[in-house]
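The values are calculated or read from the model by the stated rules, or taken from the named source; none is laboratory data. Small disclaimer: the values here were computed from a predicted structure and weren't measured. As a convention, Cβ positions derive from the backbone with ideal geometry for all residues, glycine included, and neighbour counts pool all protein chains shown.
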Amino acid sequence: MGIQSAFIKPLYPFTDSDHEVGVLSINQLPQYGLALDAEDAVHVDLEAARQVEQLLRHCPAYRTTPLHSLPRLAAELGLRGILVKDESTRLGLGSFKALGGAYAVIRTVIVEASRALKRQIEPKNLLDAPVRSIAASLTFACATDGNHGKSVAAGARMLGARAVIFVHQGVSAERVDAIKALGAEVRRVVGTYDDSVAEAARACSANGWAAISDTSWPGYTTVPRWVAQGYTAMVREVCNELRDPPTHVFVQAGVGGLAAAVLGHLALTLERRPRFVIVEPERAACLHASSLAGHRVAIAPAEPTVMSMLECYEPSLVAWSVIAKLADAFLTVSESDGIRAMRQFARPVQGDTPIVAGESGGAGLAGLLSVVANRVDRQALGLDRESVVLLFNTEGATDDSVYRSLLGIGPDEVRSCIRAGISSKKDHAGSVDQ
Ligand SMILES: Cc1ncc(COP(=O)(O)O)c(C=O)c1O
């Protein structure tokens with residue numbers, strides 16, 4: 001059983017008085033520490049990341065996203081360093097998800113076109129007329145909380161294919177509009193994210209559409225593995241820049257695809273494997289619940305969480321297979337901690353770079369702040385003055401009005417601070433010493 005703690009006074013100077021400490025559970029699953037299955041490993045290893053990089057080289061919008069160091073916050077928290085991979089600008093779509101769904105769409109087109117044209121299609125041939133005409137005959141569909149749907153829509157549009165995106169009732173109008181702006185048709189589904197996944201799967205089999213799901217289940221694993229493989233390009237960028245390898249990684253999870261890519265790639269490629277902590281909103285902690293149950297479980301839907309992209313009630317089958325072996329601990333964070341982390345990113349300790357983090361983007365930092373506030377949890381994870389923690393700001397302000405309503409300032413104001421700050425000091429680095 002894990003270490004549990006609640007309502008412990010924070011050690012760091014936040015103004016909010018309702019800070020809660022999350023529930024931390026150390027991984028005690030029987031598969032913990034076992035080697036990855038070969039099929040899991042080949043989708044997150046070095047070669048997997050290289051395959052994605054090869055495709056990205058053909059994408060004019062591709063740029064490496066920044067890796068920020070937050071030395072002042074680290075000093076305040078009694079750590080050696082904090083590194084933040086900032087996905088808020090990824091491919092103009094505002095989240096790391098831009099890498100996964102679009103990659104799976106491209107892989108599907110390559111498979112279909114290679115079969116139809118009876119020759120192996122290479123990335124450089126993707127925009128050739130015969131390939132485009134095959135892509136134009138395909139419809140791609142998925143369910144989404146927002147970001148994955150944008151990625152699938154963008155991938156389909158790039159290749160001239162059709163996209164139909166299923167969203168549940170909780171997805172904001174602004175996020176739906178962002179998907180429509182990429183040329184996709186959007187269909188609303190009554191119920192939760194999981195209901196939209198079921199409806200997308202049903203529509204795909206009824207209409208012969210290609211399902212590009214970021215979650216997996218028995219009998220449907222290939223495409224979600226490609227989606228997670230797409231994310232490895234982000235992890236590779238981090239590794240390419242690292243001068244101080246992290247001792248700890250806090251990564252947020254919905255169905256676990258992101259965490260599987262991060263944990264899998266780092267465990268397989270770094271000389272010394274860091275400790276991995278999976279962070280979930282307490283209102284949608286299906287991986288945490290699965291770790292306590294001893295196997296993958298679906299949990300009952302609860303109240304919606306503000307960390308809406310993490311609102312998932314059942315882990316992805318293939319992600320769980322990786323996470324169960326590699327995660328060192330599972331941690332839940334409260335709603336107020338999620339918002340506090342967004343604010344901490346936007347209004348950092350003086351001298352650190354401001355970062356625009358959307359509601360789900362700050363969850364990893366929320367987890368770190370929660371753990372360092374509790375001596376027992378902190379010791380359990382071995383977080384001390386020698387620790388370098390890697391975090392992922394997985395999204396920017398993907399809904400401006402939600403961002404403004406939660407923080408009282410708009411993302412533009414934070415961005416203007418970033419511009420001013422960057423001109424006065426050097427920031428981007430894989431080194432924690434600034
Ligand atoms: C911004 C953001 N962060 C984290 C996640 C979690 O990713 P996964 O569902 O693969 O665990 C998502 C998923 O949509 C997301 O959009």
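Might you check whether a residue that is in contact (Cβ under 8 Å) with a residue 40 or more places away in the chain and more than 12 Å from the ligand (Cβ to nearest atom) occurs anywhere in the range 308-315?
No, the range 308-315 contains no residue that is in contact (Cβ under 8 Å) with a residue 40 or more places away in the chain and more than 12 Å from the ligand (Cβ to nearest atom).
Tell me the residue from Gly155, Gly149 that is modelled with pLDDT of 95 or more and within 12 Å of the ligand (Cβ to nearest atom), please.
Details: Gly155 fails: within 12 Å of the ligand (Cβ to nearest atom).
Criteria check complete, one pass: Gly149.
What residue, among those in the range 190-210 that are away from the ligand (no atom under 16 Å from the Cβ) and outside any helix (DSSP H, G or I), is surrounded by the most Cβ atoms within 10 Å (Cβ to Cβ)?
Step by step, filter the range 190-210, then rank; the result is Ala210.
Just to be sure I understand, how many residues within the range 236-276 are acidic (Asp, Glu) and free of Cβ contacts under 8 Å to residues at least 60 places away in the same chain? Before the answer, list the steps.
Of the range 236-276, the ones acidic (Asp, Glu) are 237, 241, 244, 271.
With the extra rule that they be free of Cβ contacts under 8 Å to residues at least 60 places away in the same chain, the set shrinks to 271.
Adding up the residues that qualify gives 1.
Exactly one of these conditions fails for Ser321: (1) within 19 Å of Leu24 (Cα to Cα); (2) within 16 Å of the ligand (Cβ to nearest atom); (3) polar (S, T, N, Q); (4) part of a helix (DSSP H, G or I). Give me its number.
Answer for Ser321: the failing condition is (1).
Out of Asp337, Asp328, report the one residue that is under 17 Å from Val277 (Cα atoms), touching a Lys or Arg at 6+ places or on another chain (Cβ under 8 Å) and in contact (Cβ under 8 Å) with a residue 60 or more places away in the chain. Walk me through how you get there before you give the answer.
Values: Asp337 fails: touching a Lys or Arg at 6+ places or on another chain (Cβ under 8 Å).
Asp328 is the lone residue from the list that is under 17 Å from Val277 (Cα atoms), touching a Lys or Arg at 6+ places or on another chain (Cβ under 8 Å) and in contact (Cβ under 8 Å) with a residue 60 or more places away in the chain.
Suppose the filter is within 13 Å of the ligand (Cβ to nearest atom), under 27 Å from Gly155 (Cα atoms) and either of a type outside the set (A, V, I, L, M) or touching a residue at least 60 places away in the same chain (Cβ under 8 Å) (or both); does Ala233 pass it? First the steps, then the outcome.
Values: within 13 Å of the ligand (Cβ to nearest atom): no; under 27 Å from Gly155 (Cα atoms): yes; either of a type outside the set (A, V, I, L, M) or touching a residue at least 60 places away in the same chain (Cβ under 8 Å) (or both): yes.
Here the answer is no, as Ala233 does not meet what is asked.
Out of the range 347-395, which residues are surrounded by fewer than 24 Cβ atoms within 10 Å (Cβ to Cβ) and within 20 Å of Pro66 (Cα to Cα)?
The answer is Arg347, Pro348, Val349, Gln350, Gly351, Thr353, Pro354, Val388.
Does Ala143 meet the test of being modelled with pLDDT of 95 or more, within 13 Å of the ligand (Cβ to nearest atom), within 21 Å of Arg107 (Cα to Cα) and surrounded by 18 or more Cβ atoms within 10 Å (Cβ to Cβ)? Write out each step before concluding.
Details: modelled with pLDDT of 95 or more: yes; within 13 Å of the ligand (Cβ to nearest atom): yes; within 21 Å of Arg107 (Cα to Cα): yes; surrounded by 18 or more Cβ atoms within 10 Å (Cβ to Cβ): yes.
Criteria met by Ala143.
What about Ala298, is it under 28 Å from Pro224 (Cβ atoms) and either away from the ligand (no atom under 16 Å from the Cβ) or touching a residue at least 12 places away in the same chain (Cβ under 8 Å) (or both)? It would help to see each step written out before you state the result.
Values: under 28 Å from Pro224 (Cβ atoms): yes; either away from the ligand (no atom under 16 Å from the Cβ) or touching a residue at least 12 places away in the same chain (Cβ under 8 Å) (or both): yes.
Considered against the rule, which asks whether it is under 28 Å from Pro224 (Cβ atoms) and either away from the ligand (no atom under 16 Å from the Cβ) or touching a residue at least 12 places away in the same chain (Cβ under 8 Å) (or both), Ala298 comes out as yes.
I'm checking my understanding of the structure. Among residues of the range 87-115 that are of a type outside the set (Val, Ile, Thr) and either surrounded by fewer than 23 Cβ atoms within 10 Å (Cβ to Cβ) or free of Cβ contacts under 8 Å to residues at least 60 places away in the same chain (or both), which one is nearest to the ligand (Cβ to nearest atom)? Let's see the steps before the verdict.
To start, the set of residues in the range 87-115 that are of a type outside the set (Val, Ile, Thr) comprises 87-88, 90-104, 107, 112-115.
From what's left, either surrounded by fewer than 23 Cβ atoms within 10 Å (Cβ to Cβ) or free of Cβ contacts under 8 Å to residues at least 60 places away in the same chain (or both): 91-92, 98, 107, 112-115.
Numbers: Leu91: 14, Gly92: 15, Ala98: 10, Arg107: 17, Glu112: 25, Ala113: 27, Ser114: 28, Arg115: 29 Å.
Checked the range 87-115; the qualifying residue nearest to the ligand (Cβ to nearest atom) is Ala98.
When you check Ile82 against the structure, is it closer than 30 Å to Ile418 by Cβ and part of a strand (DSSP E or B), yes or no? Reasoning before the result, please.
Details: closer than 30 Å to Ile418 by Cβ: yes; part of a strand (DSSP E or B): yes.
Yes, satisfied.
Among the residues of the range 248-258, write down those that are near the ligand (Cβ under 6 Å from one of its atoms) and under 9 Å from the mean Cα position of the chain (by Cα). Please lay out each step first, then the result.
Taking the range 248-258 as the starting set, the residues that turn out to be near the ligand (Cβ under 6 Å from one of its atoms) are 252-258.
Within the range 248-258, Gln252, Ala253, Gly254, Gly256, Gly257, Leu258 meet the criteria.
Do we have any residue at all in the range 219-229 that's of a type in the set (D, E, K, R), more than 14 Å from the ligand (Cβ to nearest atom) and over 13 Å from the mean Cα position of the chain (by Cα)?
Initial filter on the range 219-229 (of a type in the set (D, E, K, R)): 225.
So of that shortlist, the ones also more than 14 Å from the ligand (Cβ to nearest atom) come out as none.
So far as the range 219-229 goes, no, none of its residues is of a type in the set (D, E, K, R), more than 14 Å from the ligand (Cβ to nearest atom) and over 13 Å from the mean Cα position of the chain (by Cα).
Kindly provide the set of residues from the range 131-149 that are assigned to a helix (DSSP H, G or I) and touching a residue at least 60 places away in the same chain (Cβ under 8 Å), ordered by number.
Quick first cut of the range 131-149, residues assigned to a helix (DSSP H, G or I) only: 131-136, 147-149.
Those that are assigned to a helix (DSSP H, G or I) and touching a residue at least 60 places away in the same chain (Cβ under 8 Å): Asn147, His148.
Looking at His58, is it modelled with pLDDT under 95 and either within 16 Å of the ligand (Cβ to nearest atom) or of a type outside the set (Ser, Thr, Tyr) (or both)? Lay out the reasoning, then the answer.
Values: modelled with pLDDT under 95: yes; either within 16 Å of the ligand (Cβ to nearest atom) or of a type outside the set (Ser, Thr, Tyr) (or both): yes.
Taking the combined requirement at face value, the residue satisfies it.
Could you list, in sequence order, the residues of the range 259-269 that are of a type in the set (A, V, I, L, M, F, W, C) and either within 14 Å of the chain's Cα centre (by Cα) or at pLDDT below 95 (or both)? I'd like the intermediate steps shown before the answer.
Step one: list which residues in the range 259-269 are of a type in the set (A, V, I, L, M, F, W, C), which gives 259-263, 266-268.
The answer is Ala259, Ala260, Ala261, Val262, Leu263.
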